[in-house]
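Some notes on the structure that comes next.
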Amino acid sequence: MSLAEADRAAPLLAQPTRRLAGFVVDVGLFVVTLAVGWIVWSVFEARVSRTPGMRITGQRIVDVRTGEVVDGRRMARRQLLGIPLALLLGAVTCGVGWLFSGWLVVSPSRQALWDRVAGTTVVEVL
Amino acid sequence: MNRPPKLRRRLSVTGRLCRGVGWVTLVPLMVFAVGLQFVGAPAAMVGNLVTGERADQRAGTPSARECDEVRSPRQEPTSGHVDPDGTLRVFAIQYTLDFSDVVDYATWRTTVRCLMEELVQPYRRPGQPTMVVFPEDMGLPTIAMGTRGWSARQQARSFARSASEAVPLGLAGALGQLNLAYAPQVAAYQARLGPIDPRKQVFVAATDTFVRAVNITFSEIARDYGVYVVVSNNQAAYRQTSNPAEVAVFADPQAQPTDTAYVATSQRVTNTTFLWGPDVVNRSAPDGNQNLLFANEKVPLTPLEKDLIGLDEGPRSGPAAEANAGGPEIAGFKVGLATSYPAFAYGYPFGERPAGFEPCADTAVSFAACQDAQGVTVQIQADANPGRWATTTLDGNWQPLEWMSSVWRSVADPTVGFAYNVTPMMNGNLLDLVFDGQTSITGRGFSGRPQMFVGNDRLGAADSEDLAVYAGAKQEFLAMTPWSGGSGNDRARLEREATALAPRGVREGEYTQTAVFADLVPKTQRLP
């Protein structure tokens with residue numbers, strides 16, 4: 001498959017601006033619910049391959065190669081390994097690593113650092 | 001079988017531009033930040049070799065110019081209560097926490113000696129013994145000392161310094177950085193002492209730094225100035241070594257070159273409050289402990305200390321607990337150390353001691369009552385309130401009113417006999433964490449000008465009825481610092497001022513650094 005064909009065959013990958021909106025909503029919910037509410041909600045949303053922020057902003061996590069929703073194990077790898085890895089990277093670089101991890105979304109596959117760890121990307125749900 | 005290609009969609013021109021800009025800015029910045037952490041230690045060592053500066057050299061008296069450079073921008077002169085019959089003058093230092101004080105050992109020692117030079121020395125009375133009490137957690141910022149704390153100190157000055165007080169991501173990030181910076185020592189202690197609770201491992205790993213920055217620094221101050229000094233820190237017990245292998249592993253890179261290291265002897269980390277005297281009492285003790293008169297291990301611990309950083313509690317019962325609640329005789333007073341939370345722990349409401357009450361049965365419940373049972377007359381309450389001062393606590397009470405149940409209760413409750421309470425409060429923002437409060441000294445039976453903490457003129461609608469006795473101005477205050485956010489009793493306005501002082505507030509970090517003192521008189525010792 002050529003790159004042009006891959007482009008045409010791809011589902012609607014979420015734009016960086018929408019990804020940012022979902023992230024902001026997730027952080028907001030995390031803070032407002034003192035983490036507990038967000039975590040409980042996330043457990044329910046993880047079963048349908050998304051976070052609370054993605055539900056609100058109309059996005060879903062999928063396998064970067066097949067485009068299919070991912071199972072709980074992949075979600076766990078993304079959320080519990082990928083995101084802490086980004087936090088650690090940010091921690092040792094005075095915050096630059098946090099920007100870098102998110103900025104990776106600006107790529108053809110729209111994968112942030114945590115997506116690359118889990119082999120996922122995010123699509124828009126129409 | 002071929003793997004399917006990644007889902008992809010070409011970036012727009014703007015997207016490609018953003019991507020390019022990111023590569024040429026973020027990546028070099030990240031490499032630079034990481035690189036500094038690895039080259040920092042050798043650079044500091046080479047720098048120390050070139051300048052001849054040694055971390056273990058004794059500090060001298062700082063000059064006025066040196067003090068100008070490290071002084072808090074909002075430092076106010078010391079105020080106090082003079083009594084010609086006093087036999088001991090006690091100073092309570094309201095230190096304003098600032099990571100720029102811990103760039104290296106020289107900066108830190110200059111900072112604390114300037115506190116002595118400017119807030120204590122001009123107010124001492126010749127020939128009268130002097131005790132200087134620093135706030136709880138005085139040693140905490142020193143964990144970010146030197147090259148290993150460089151990134152944490154930079155974070156404290158950057159946009160990443162705080163997220164929120166409820167979800168302290170800034171603090172979590174700094175702890176992550178410090179764990180990485182101290183990784184060689186963490187690994188060495190894990191191998192030596194067995195698995196260590198990851199919440200407290202960095203405190204064990206920082207033992208050498210703490211000994212140099214806390215024990216040695218303040219024990220030297222006690223000896224050089226001829227005073228008694230009280231300081232608290234979260235750290236492990238230690239020994240001194242000159243074994244080259246141990247020096248290479250455990251000595252702070254910022255202290256290199258050195259032929260000495262201070263090594264933790266157990267993985268037990270307690271909130272310890274030290275009391276040093278002006279004279280050597282034990283020549284065989286390691287550096288920093290030779291003039292140590294007493295050390296108290298905090299019990300009970302706050303939920304933050306127990307659950308977030310995994311500290312170990314002091315002894316709760318038996319002879320060890322009773323000894324922990326006692327203290328040495330100084331200038332005719334028996335001095336006991338109750339580090340914040342323990343000073344609130346009586347085990348019964350104000351004035352209502354139950355019949356047959358055993359004060360030392362469990363000091364996690366009744367530390368203050370046990371301290372009274374040990375005959376303590378001066379209760380030293382080194383304090384660091386981890387939160388805003390003018391606010392409502394989780395129990396729904398006005399915080400300054402609740403604080404009266406330690407600083408004022410100790411000298412007003414008829415069921416105990418403390419003569420004095422000395423409470424220096426830490427002030428300042430540490431990443432997301434706020435430390436705020438008013439420093440005070442109270443005396444039993446003292447009839448001075450009635451004073452109160454901000455907002456304490458009444459029992460509010462949400463305040464517990466148990467606090468009614470603490471409302472209103474009290475005559476037992478010998479000295480009190482004004483609050484950094486202003487004065488008065490309009491609680492809504494005071495809360496807004498507290499918000500302004502907190503991280504990202506309009507007056508962020510503008511806390512007052514100052515001190516109060518009082519002459520303690522033996523005649524006001526224990527009631528019959």
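Would you mind stating whether residue B:147 is among the hydroxyl-bearing types (Ser, Thr, Tyr), under 28 Å from residue B:343 (Cα atoms) and surrounded by 21 or more Cβ atoms within 10 Å (Cβ to Cβ)?
no
For the range A:56-75, name all the residues that are basic (Lys, Arg) and more than 7 Å from chain B (Cβ to nearest Cβ).
Matches in the range A:56-75: A:60, A:73, A:74.
Only residues that are surrounded by fewer than 15 Cβ atoms within 10 Å (Cβ to Cβ) and either within 25 Å of residue B:134 (Cα to Cα) or among the β-branched types (Val, Ile, Thr) (or both): list them for the range B:249-282, please.
Taking the range B:249-282 as the starting set, the residues that turn out to be surrounded by fewer than 15 Cβ atoms within 10 Å (Cβ to Cβ) are B:257, B:259, B:265-266, B:279-282.
Of everything in the range B:249-282, those that are surrounded by fewer than 15 Cβ atoms within 10 Å (Cβ to Cβ) and either within 25 Å of residue B:134 (Cα to Cα) or among the β-branched types (Val, Ile, Thr) (or both) turn out to be B:265, B:279, B:280, B:281, B:282.
What helices (runs of 4 or more DSSP H) lie completely within the range A:76-126 and have 3 or more residues being free of Cβ contacts under 8 Å to residues at least 60 places away in the same chain and either over 30 Å from residue B:149 (Cα atoms) or more than 7 Å from chain B (Cβ to nearest Cβ) (or both)?
Details: elements: A:83-91, A:96-103, A:113-118.
Passing ranges, in order: A:83-91, A:113-118.
Filtering the range B:10-30 down to residues that are in a loop (DSSP other than H, G, I, E, B) and within 12 Å of residue A:16 (Cα to Cα), which residue is nearest to the other protein chains (Cβ to nearest Cβ)?
By that ranking, first place goes to B:11.
Could you check residue A:43 against (1) away from every other protein chain (no Cβ under 13 Å); (2) closer than 30 Å to residue B:27 by Cβ and say which number it fails?
Only one criterion in (1) away from every other protein chain (no Cβ under 13 Å); (2) closer than 30 Å to residue B:27 by Cβ is unmet by residue A:43, namely (2).
Can you work out which of the residues in the range B:181-204 that are of a type in the set (A, V, I, L, M), farther than 13 Å from residue B:144 by Cβ and over 18 Å from the mean Cα position of the chain (by Cα) is nearest to the other protein chains (Cβ to nearest Cβ)?
So the residue we want is B:183.
Within the range B:345-362, can one find any residue that is within 25 Å of residue B:135 (Cβ to Cβ) and in a helix (DSSP H, G or I)? Give the derivation first.
We begin by selecting, within the range B:345-362, every residue within 25 Å of residue B:135 (Cβ to Cβ); these are B:345-346.
When the remaining residues are screened for being in a helix (DSSP H, G or I), the result is none.
Checked against the condition, which is being within 25 Å of residue B:135 (Cβ to Cβ) and in a helix (DSSP H, G or I), the range B:345-362 yields no hits at all.
So which residues in the range B:70-98 are surrounded by fewer than 18 Cβ atoms within 10 Å (Cβ to Cβ) and touching a Gly at 6+ places or on another chain (Cβ under 8 Å), if there are any at all?
B:87
Between a first residue in the range B:155-173 that is within 7 Å of residue B:432 (Cβ to Cβ) and at the interface with chain A (Cβ under 10 Å from one of its Cβ atoms) and a second residue that is surrounded by fewer than 18 Cβ atoms within 10 Å (Cβ to Cβ) and not small (Gly, Ala, Ser), which pairs have beta carbons less than 7 Å apart while being 6 or more apart in sequence or on different chains?
If the second residue must be surrounded by fewer than 18 Cβ atoms within 10 Å (Cβ to Cβ) and not small (Gly, Ala, Ser), the pairs left are B:164/A:31.
Only residues in the range B:342-369 that are over 18 Å from residue B:318 (Cβ atoms) count as the first member; pair them with residues that are modelled with pLDDT under 95, Cβ under 7 angstrom, at least 6 apart or cross-chain, and list the lot.
Listed by first residue and then by second, the contacts come to B:349/B:466.
Give the number of residues within the range B:204-259 that are in a helix (DSSP H, G or I), β-branched (Val, Ile, Thr) and touching a helix residue (DSSP H, G or I) at 6+ places or on another chain (Cβ under 7 Å). Talk me through it step by step, then tell me what you get.
Of all residues in the range B:204-259, those in a helix (DSSP H, G or I) come to B:204-205, B:207-225, B:244-250, B:253-255.
Now narrow it down to the ones that are β-branched (Val, Ile, Thr): B:204, B:207, B:209, B:211, B:214, B:216-217, B:221, B:247, B:249.
This time we only want the ones that are touching a helix residue (DSSP H, G or I) at 6+ places or on another chain (Cβ under 7 Å), so: B:204, B:209, B:214, B:217, B:221, B:249.
Selection size over the range B:204-259: 6.
Taking the range B:379-412, which residues are over 14 Å from residue B:423 (Cβ atoms) and not in a helix (DSSP H, G or I)?
B:386, B:387, B:388, B:390, B:391, B:392, B:393, B:394, B:395, B:396, B:397, B:398, listed by residue number.
Somewhere in the range B:115-124, is a residue assigned to a loop (DSSP other than H, G, I, E, B), more than 14 Å from every other protein chain (Cβ to nearest Cβ) and farther than 20 Å from residue B:503 by Cα? If you could, list the steps in order and put the result at the bottom.
At the first step, the residues of the range B:115-124 found to be assigned to a loop (DSSP other than H, G, I, E, B) are B:124.
Filter once more, keeping what is more than 14 Å from every other protein chain (Cβ to nearest Cβ): B:124.
In the following step, the residues that additionally are farther than 20 Å from residue B:503 by Cα were identified as B:124.
Yes, the range B:115-124 contains a residue that is assigned to a loop (DSSP other than H, G, I, E, B), more than 14 Å from every other protein chain (Cβ to nearest Cβ) and farther than 20 Å from residue B:503 by Cα.
Which of the following residues is more than 14 Å from the chain's Cα centre (by Cα) and either closer than 21 Å to residue B:163 by Cα or aliphatic (A, V, I, L, M) (or both): A:82, A:102, A:95?
A:95
Which condition number does residue B:173 fail, the rest of (1) surrounded by 19 or more Cβ atoms within 10 Å (Cβ to Cβ); (2) modelled with pLDDT under 80; (3) not in a helix (DSSP H, G or I) being met?
Just one mismatch for residue B:173, condition (3).
Could you tell me which numbered condition residue A:53 fails, if it satisfies all but one of (1) small (Gly, Ala, Ser); (2) within 11 Å of the chain's Cα centre (by Cα); (3) within 14 Å of chain B (Cβ to nearest Cβ)?
With (1) small (Gly, Ala, Ser); (2) within 11 Å of the chain's Cα centre (by Cα); (3) within 14 Å of chain B (Cβ to nearest Cβ) applied to residue A:53, the lone miss is (3).
Among the residues of the range B:132-155, what is the count of those that are more than 18 Å from residue B:233 (Cβ to Cβ) and touching a strand residue (DSSP E or B) at 6+ places or on another chain (Cβ under 8 Å)?
Selection size over the range B:132-155: 0.
Tell me which of these residue A:58 doesn't satisfy, since it passes every other one: (1) within 24 Å of residue B:5 (Cα to Cα); (2) in contact (Cβ under 8 Å) with a residue 60 or more places away in the chain.
(1)
I'd like the full set of residues that are in contact with a Pro (Cβ under 6 Å, 6 or more places away or on another chain) and of a type in the set (D, E, K, R), limited to the range A:50-95. Lay out the reasoning, then the answer.
The initial filter retains those residues of the range A:50-95 that are in contact with a Pro (Cβ under 6 Å, 6 or more places away or on another chain), namely A:65, A:67.
Residue satisfying the conditions is A:65 alone.
In the range B:431-461, how many are at pLDDT 95 or above, acidic (Asp, Glu) and either over 18 Å from residue B:383 (Cβ atoms) or surrounded by fewer than 24 Cβ atoms within 10 Å (Cβ to Cβ) (or both)?
1
Please pick out the residue among B:288, B:327 that is under 19 Å from the mean Cα position of the chain (by Cα) and either β-branched (Val, Ile, Thr) or crowded, with 20+ Cβ neighbours inside 10 Å (or both).
B:288
Please note which helices (runs of 4 or more DSSP H) are completely contained in the range A:1-69 and include at least 1 residues that are exposed (fewer than 13 other Cβ atoms within 10 Å of the Cβ), aromatic (Phe, Trp, Tyr) and at pLDDT below 90.
Counting at least 1 such residues, we get A:36-46.
The values are calculated or read from the model by the stated rules, or taken from the named source; none is laboratory data. Because the structure is a prediction, the values reported are computed rather than measured. Every residue, glycine among them, receives a Cβ derived from its backbone with ideal geometry; neighbour counts consider all protein chains shown.
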